[in-house]
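Notes for the one structure printed next.
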Amino acid sequence: GAEEAVAEPAAGNPEDPREDEVRVTRCRRPEEATLASLMVPLSSKPPKAMGIGDFLAGRPLAWCHDGKSKNGEFVLQAGGKVGGDLAGWKLTRWKAKGRHIIELDDGHGGNRHTLVFNCARTGYVVEQGGQRGFVGD
């Protein structure tokens, strides 16, 4: 199947983006639908995969400004709002931009930060800088 580029830690635990280096890896996309799968009545088809925004909404996300140590926490709230420490840092709005990408900004399109999540959606790297983070419990 086709693949999509995402950031992943280079060494150690692949679920933890707090490692020293980041490499780009590929997530496998789901296989294409077959004709037989299209013939199944709608009521028995599996539900569509959850989007990244729905998957992460309401879950605590750690912010590691230096890329290693947690120094803040935030939550993606309903209506595209950001709660927690990032709101105090003028990052008040979020938007899903892809299967593994969340974009944060100041509510007016400024101070933009693009979070690229790993395939498992358990950690991220900020595209514009060295910041990283992970999904809390």
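The values are calculated or read from the model by the stated rules, or taken from the named source; none is laboratory data. From a predicted model like this one, the values you see are computed outputs, not experimental measurements. Counting neighbours? That spans all protein chains shown, and the Cβs are built from the backbone with ideal geometry, glycine included. Surface accessibility is based on the protein's heavy atoms, side chains included, excluding ligands, DNA and RNA. Shrake-Rupley method; radii C 1.70, N 1.55, O 1.52, S 1.80 Å.
What about residue 49, is it of a type in the set (A, V, I, L, M), closer than 18 Å to residue 27 by Cα and open to solvent by 50 Å² or more (accessible area, probe 1.4 Å)? Judged against the criteria, residue 49 is a match.
I'm trying to understand the selection: among the residues of the range 98-137, which are of a type outside the set (A, V, I, L, M, F, W, C), more than 19 Å from residue 85 (Cβ to Cβ) and surrounded by 20 or more Cβ atoms within 10 Å (Cβ to Cβ)? Within the range 98-137, 100, 118 qualify.
The residues of the range 93-133 that are closer than 18 Å to residue 73 by Cα and among the charged types (D, E, K, R), listed by number, are 93, 95, 103, 105, 106, 112, 121, 132. Scanning the range 86-97 for residues that are surrounded by fewer than 15 Cβ atoms within 10 Å (Cβ to Cβ) and touching a Gly at 6+ places or on another chain (Cβ under 7 Å) yields a single hit, 95.
The residues on offer are 55, 74, and the sole one that is modelled with pLDDT of 95 or more and open to solvent by less than 80 Å² (accessible area, probe 1.4 Å) is 74.
For the residues 8, 19, the requirement of being part of a loop (DSSP other than H, G, I, E, B), of a type outside the set (A, V, I, L, M, F, W, C), modelled with pLDDT under 90 and in contact with a Pro (Cβ under 7 Å, 6 or more places away or on another chain) singles out 19.
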